[in-house]
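Below is one structure; the comments refer to it alone.
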Amino acid sequence: MTGLAWQLAELARAKQMSVWICPDLRSYRQLSEEIAFFLQETPELLWRFPAWEVLPYDRVSPHHSIVGQRFSTLGRLLSTPNPTGLILTSLPAWLHRIAPPESVATHVWQLKRGQQFDISQLKTRLAEAGMMPADRVMAPGEFAARGGLLDIWPATETSPLRIDMFGDDIESILRFDPETQRSSDELESFTSVPVREVILDKPGQDNFIAAFRARFPQLRKHPMLSAVQAGRPHPGIEALLPLAYAQTARLPDYLPESTQIFSTENIKMQRQLFAGQVRAQFEMVRASSEPSISPQELYAVETAIKAKLLPRTGI
């Protein structure tokens, strides 16, 4: 795929926003590495929007790092005037229904050294974003507060961060080793992103609880509903993501109108195959006692993909 990766890297440098839809997860992973190689000097031109890498309707939540990268890209798209570069995504991610822009704008935010922030309010916002309180931070998606210190392991970071507060002022932001507790690099700022795609803030909780009760009146004691009522995420809740939002969005809703969409010749056939897989998974879940929503509510499986082909080159 090196020739394709080179061509897409050139497209990323074209001072416009373009999208390449990979037909499957394998080609997404390979192109992600190869395009990054060609864009080593301008890595910001490659915008990644990966798929969840879990089966449709699975009762397993996507990994924190994948969710973090998706929200990071959505947040950048909302906050960057006239964004340019290449968005690399895959067919499932392109068809996926996701959180609307107003929710992403609220829950993707930056913390800077010298900024004023009430630590109790900060803890509330982290919990709403799906992060879990802990006595000691040992894994991504956790946070711990002790006096004027707040340890947090954002989904987009390879190591946890220690925020030292002086009153309501952020005095320092340091990376630290979770095993030795030793601090290292100091940061000027970092971006906090949700670690769950179902954001359980007050509107999210209210929407989910009301929709769940209306759709599944026979499942009022289901552990997923109980968890949401307590403000906690539940494994696999993403299979019911639309219940948490008054209206969902898709990746195209975050893109400039002038964005060019590109993909492979067989993307229509791949969409049909994927739609069949989603429907088959739905029928399996519907035959059980687990709550489920229709394939069209979770993915835009009936929506045609209007993508161009890249010009042929001699590479």
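So the values come out like this:
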quantity: Residue, nearest to the chain's Cα centre (by Cα), within segment 200-215, restricted to residues that are under 30 Å from K112 (Cβ atoms) and outside any loop (DSSP other than H, G, I, E, B); calculated: G204
quantity: Some residue of segment 280-295 being of a type in the set (V, I, T), in a helix (DSSP H, G or I), at pLDDT 90 or above and within 19 Å of V54 (Cβ to Cβ); calculated: yes
quantity: Out of D206, D185, sole residue that is more than 21 Å from R59 (Cα to Cα), free of Cβ contacts under 8 Å to residues at least 12 places away in the same chain and assigned by TED's automatic domain parsing to the domain that holds R136; calculated: D185
quantity: Conditions (1) over 16 Å from T156 (Cβ atoms); (2) touching a helix residue (DSSP H, G or I) at 6+ places or on another chain (Cβ under 9 Å); (3) surrounded by 15 or more Cβ atoms within 10 Å (Cβ to Cβ); (4) not basic (K, R); number of the one not met by I170; calculated: (2)
quantity: Residue among A144, A211, A139, A155 that alone is among the aliphatic types (A, V, I, L, M) and surrounded by fewer than 17 Cβ atoms within 10 Å (Cβ to Cβ); calculated: A139
quantity: Where a residue in segment 257-278 is in the same structural domain as P23 (by TED's automatic domain parsing) and farther than 18 Å from L11 by Cβ and its partner, wherever it lies, is surrounded by 14 or more Cβ atoms within 10 Å (Cβ to Cβ) and β-branched (V, I, T), with Cβ under 6 Å and at least six apart; calculated: R271/I305; A275/V301; V278/V301
quantity: Qualifying strands (runs of 3 or more DSSP E) (wholly inside segment 103-165; at least 1 residues being in contact (Cβ under 8 Å) with a residue 40 or more places away in the chain and either under 19 Å from the mean Cα position of the chain (by Cα) or within 13 Å of G68 (Cβ to Cβ) (or both)); calculated: 109-112, 149-152
quantity: Count - residues of segment 233-292 that are loosely packed, with under 13 Cβ neighbours inside 10 Å, more than 22 Å from C22 (Cα to Cα) and of a type in the set (S, T, Y); calculated: 2
quantity: Extreme residue, modelled with the lowest pLDDT, among residues of segment 125-168 that are under 14 Å from L111 (Cβ atoms) and acidic (D, E); calculated: D168
quantity: In segment 39-66, the residues that are among the polar types (S, T, N, Q), in contact (Cβ under 8 Å) with a residue 12 or more places away in the chain and assigned to a loop (DSSP other than H, G, I, E, B); calculated: T42, S61
quantity: Residue check, W94 assigned to a helix (DSSP H, G or I), within 13 Å of the chain's Cα centre (by Cα) and aromatic (F, W, Y); calculated: yes
quantity: Residue in segment 1-38 that is surrounded by the most Cβ atoms within 10 Å (Cβ to Cβ), counting only those that are in contact (Cβ under 8 Å) with a residue 12 or more places away in the chain and of a type in the set (K, R); calculated: R13
quantity: Residues (touching a residue at least 60 places away in the same chain (Cβ under 8 Å), over 19 Å from the mean Cα position of the chain (by Cα) and either within 26 Å of T80 (Cα to Cα) or assigned to a helix (DSSP H, G or I) (or both)) located in segment 216-255; calculated: L219, M224
quantity: Which numbered condition R312 fails, given (1) assigned by TED's automatic domain parsing to the domain that holds L8; (2) part of a loop (DSSP other than H, G, I, E, B); (3) without any contact (Cβ under 8 Å) to a residue 24 or more places away in the chain; calculated: (1)
quantity: Within segment 166-198, considering residues that are hydrophobic (A, V, I, L, M, F, W, C) and under 14 Å from G68 (Cβ atoms), the one farthest from the chain's Cα centre (by Cα); calculated: F190
quantity: In segment 188-199, the residues that are in a loop (DSSP other than H, G, I, E, B) and either closer than 30 Å to V54 by Cβ or assigned by TED's automatic domain parsing to the domain that holds L77 (or both); calculated: V193, P194, V195, R196, E197, V198, I199
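The values are calculated or read from the model by the stated rules, or taken from the named source; none is laboratory data. Since the structure is predicted, the reported quantities are computational estimates derived from the model, not experimental observations. Ideal geometry is used to build each Cβ from the backbone, glycine not excepted, and the neighbour counts take in all protein chains shown.
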